[in-house]
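Readers should treat all values here as calculations from the given coordinates under stated rules, not as data from a laboratory. Here the structure is a predicted model, which means the values were calculated and not measured. Because the Cβ atoms are built from the backbone with ideal geometry, glycine has one as well, and the counts that use them run over all protein chains shown.
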């Protein structure tokens, strides 16, 4: 492979990662401006929360369906269409005077969110050298982590310092810039060996795929079931002042990016060891939270380690499902996105029950429960001859 080809592939992966960054900005950024939306449109904060929950529902519903239905189309044209749709809806949101108009242009692009992200994972893996797919996919996951890190604080800052419209304009600008890069720099990418819909759906007959889906649900539930209450935990259990809470959340996000990049090498070199030991590593963090969550300096160290593990988590989730159905990558990546969202919802619900029963400090018991379920599922899968054979073949490439 000559230097020009390598450079072109790096540019394409950068554009894909930036596109995922822009889309995740749009998804997560609304979390930072819900109070401003409630005030501007004269609705309750709960009603404003529909903008978050209905977007997530759209992603969950579209995850296993839309990537499958659109898997035969030229990928450049899909990228342009999806980025254009996100940009257009964000521009309309800037000028929307009615809450339900805002809700409509918020939910519509959510159905295409998994198409772009699934496609980004698939293309990144296809561009990598044999055996180095996790390193390439890790760059896309870094874009996901960056979008989650930047979206909330930037949107909150713009709404506070300027206006709600300025936040919406930021979302539109982020996707518009990537749209221009895609039009100018991304070559046509027709699908040369497209699978029939029936062939892709046939992977659902594989018990190992369903086991992988369950493993991802449990693993994501273990991370987000606790992380989604981190702000409350830091304030009520650790006694951290509000200004420092924002800094710790930002540090957690930065560590997510670092963990994602680390995961690329880890999953390339020792995938089986990483997958089997990961739930145990998360469990150790949660046990440390139980014992030292109220000690501020120790809590800072825990947040850093937890953030790194959070970045590795996303890569393991995608890797595990993609390797369970390598013959239908777009469909498998869509299933990954749905499973990850289901894990987030289920983990949050279960951990919330521990808070209701015993208090915020015991939210980690929900995380430990999901760690145990994930570990059991992974270990059963790893003992299965089919998985061992698959991973050994991949390591030999």
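Worth pointing out:
- Remark on the stretch 3-185: hydrodynamic radius 16.7 angstrom, per the Kirkwood mean of 1/r across alpha carbon pairs.
- Summary value for the chain: 25 percent relative contact order, contacts being C-alpha pairs under 8 angstrom separated by 6+ residues.
- Full-stretch length increase - residue 298, residue 39 - with 0.36 nm per residue and alpha-carbon distance subtracted: 89.4 nm
- Cα-based Kirkwood hydrodynamic radius, the stretch 51-158, one decimal, Å: 15.3
- Within the stretch 334-377, backbone nitrogen closer than 12 Å to the virtual label 7 Å beyond the Cα of residue 280 toward Cβ: 375-376
- Helical contribution to [θ] at 222 nm, DSSP H n ≥ 4, -39,500 (n - 2.57), averaged over the chain, rounded to 500: -27500 deg cm²/dmol
- Mean-square fluctuations from a GNM of the chain, with a 10 angstrom spring cutoff on Cα atoms, peak among 42, 318, 353 at 42.
- Label-point separation in nm, residue 380 to residue 204, each point 7 Å along Cα→Cβ: 2.1
- Once the gyration tensor of the Cα atoms in the stretch 116-198 is diagonalised, the equivalent ellipsoid follows with semi-axes of 32, 16, 12 Å, ordered largest first.
- Between residue 80 and residue 241, the FRET efficiency estimated from the beta carbon spacing at R0 = 56 angstrom works out to 0.75.
- Note on the chain: Cα Rg divided by 2.2 N^0.38 Å, N the number of residues, gives 0.96.
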